[in-house]
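A.B. asks: Questions regarding the structure given below will be posed in turn.
The values are calculated or read from the model by the stated rules, or taken from the named source; none is laboratory data. Treat the numbers as computed from the prediction; the structure is a model and nothing was measured. Cβ placement follows ideal geometry from the backbone for every residue including glycine, while neighbour counts extend to all protein chains displayed.
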Amino acid sequence: MTSTTQNKTIFQNKGFRKILAAVFWIGLWQLAYLTVKQEILIVSPVRVLQRLFELSQSTEFWLTAFLSMLRILEGFLLGVIFGCVLAVLTSVSRMMYEIFYPVISIIKATPVASFIILALVWIPSPHVPSFTSFLMVTPIVWANVVNGIKKTDRNLLQMAAVYRFGLARTVKRIYLPSAMPYFTAACTTGMGLAWKAGIAAEVLAVTPLSIGRQIYNSKIYIETDNLFAWTVVVIGMSVVLEFLMVRLMKKVGEKYNVVQ
């Protein structure tokens with residue numbers, strides 16, 4: 001095998017390409033740090049790793065990250081469940097669609113900050129991040145699942161009626177394979193939105209024992225290394241949870257013979 005062929009084989013490896021992309025962006029980050037040379041504006045990757053290591057030595061760090069994750073996952077899961085139920089209802093009933101469509105449109109168009117501030121008036125501060133994540137995820141799941149149901153092959157539905165599949169078998173064999181790719185895409189997008197909205201809610205609500213509170217404190221005390229470190233924590237947790245969620249969906253799809 002020639003060196004050119006070996007290079008092509010290496011670059012075809014998905015894992016290697018991801019590592020290369022990560023190295024590129026970290027290198028760009030380091031270059032920006034060396035250009036600015038002011039840690040109050042931008043911190044080096046090495047300093048962020050050092051600060052992460054220092055923070056990880058305390059129990060409060062792990063408790064803060066865990067509680068923030070719980071709040072955001074609570075809102076995300078509620079949004080997924082409510083979005084799916086709403087999608088089914090609005091798909092089978094035109095009247096239900098006309099009732100809920102304006103509400104979904106308003107939620108999609110309203111700035112996240114407006115919901116957070118309103119939520120602070122209605123509900124206790126610790127529940128604001130979950131509520132905000134719920135509101136951001138619901139429209140995404142609803143729109144995607146409705147689209148998946150609408151795209152179901154009508155010929156397959158006619159076949160199911162002829163062979164008398166019944167409701168349960170029709171849902172499992174026809175509707176699920178049609179809607180699952182849309183549902184997976186909705187959950188992937190929704191997970192990122194849930195983290196963004198949830199952390200923003202924690203910042204504005206100054207929620208005790210939360211990543212948002214730590215980010216808020218970093219801004220108040222101009223601790224840029226803390227700000228970068230906690231931001232890395234948010235990104236890392238979001239990526240890991242999204243990866244686990246996609247793997248779980250694939251397993252569920254394989255179990256019920258749903259091709260994604």
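Here is a yes/no grid of residues against (1) touching a Cys at 6+ places or on another chain (Cβ under 7 Å); (2) assigned to a helix (DSSP H, G or I); (3) over 23 Å from Ala205 (Cα atoms); (4) among the β-branched types (Val, Ile, Thr):
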{"position": "Gln50", "(1), (2), (3), (4)": "no, yes, yes, no"}
{"position": "Glu54", "(1), (2), (3), (4)": "no, yes, yes, no"}
{"position": "Leu63", "(1), (2), (3), (4)": "no, yes, no, no"}
{"position": "Ile117", "(1), (2), (3), (4)": "no, yes, no, yes"}
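A.B. asks: Does Pro111 meet the test of being closer than 22 Å to Thr188 by Cα and either buried (at least 17 other Cβ atoms within 10 Å of the Cβ) or among the charged types (D, E, K, R) (or both)?
C.D. replies: no
A.B. asks: Scan (1) of a type in the set (S, T, N, Q); (2) crowded, with 20+ Cβ neighbours inside 10 Å; (3) under 30 Å from Thr59 (Cβ atoms) for the single condition Thr224 breaks and write down its number.
C.D. replies: Unmet condition: (2).
A.B. asks: Please find, within the range 19-48, the residue that is farthest from Trp230 (Cα to Cα) out of those that are touching a residue at least 24 places away in the same chain (Cβ under 8 Å) and assigned to a helix (DSSP H, G or I).
C.D. replies: That would be Arg47.
A.B. asks: With respect to Ala161, is the statement that it is surrounded by fewer than 16 Cβ atoms within 10 Å (Cβ to Cβ) and in the same structural domain as Ser68 (by TED's automatic domain parsing) true?
C.D. replies: So Ala161 fits the description; yes.
A.B. asks: Since Ile235 meets every condition but one in (1) of a type in the set (A, V, I, L, M); (2) under 22 Å from Ser56 (Cα atoms); (3) in contact (Cβ under 8 Å) with a residue 24 or more places away in the chain, which condition does it not meet?
C.D. replies: That leaves (3) as the condition not met.
A.B. asks: Might you let me know whether the range 209-229 holds any residue that is assigned to a loop (DSSP other than H, G, I, E, B), of a type outside the set (S, T, N, Q) and in contact (Cβ under 8 Å) with a residue 40 or more places away in the chain?
C.D. replies: yes
A.B. asks: List pairs: first residue in the range 74-92 and closer than 13 Å to Thr184 by Cα, second residue in a helix (DSSP H, G or I) and acidic (Asp, Glu) anywhere in the structure, Cβ distance under 9 angstrom, at least six positions apart or on different chains.
C.D. replies: none
A.B. asks: Another question about this same structure. Could you tell me whether any residue of the range 102-109 is in a helix (DSSP H, G or I), out of contact with any Asp or Glu (no Cβ under 9 Å at 6 or more places or on another chain) and of a type in the set (S, T, N, Q)?
C.D. replies: Yes: one or more hits.
A.B. asks: Shifting gears a bit: Considering each of Ile104, Ile99, Ile116, Ile149 in turn, give the residue that is more than 29 Å from Val246 (Cβ to Cβ) and assigned by TED's automatic domain parsing to the domain that holds Glu74.
C.D. replies: Ile99
A.B. asks: I'd like the full set of residues that are crowded, with 20+ Cβ neighbours inside 10 Å and more than 19 Å from Val232 (Cβ to Cβ), limited to the range 205-220.
C.D. replies: Passing the criteria: Ala205, Thr207.
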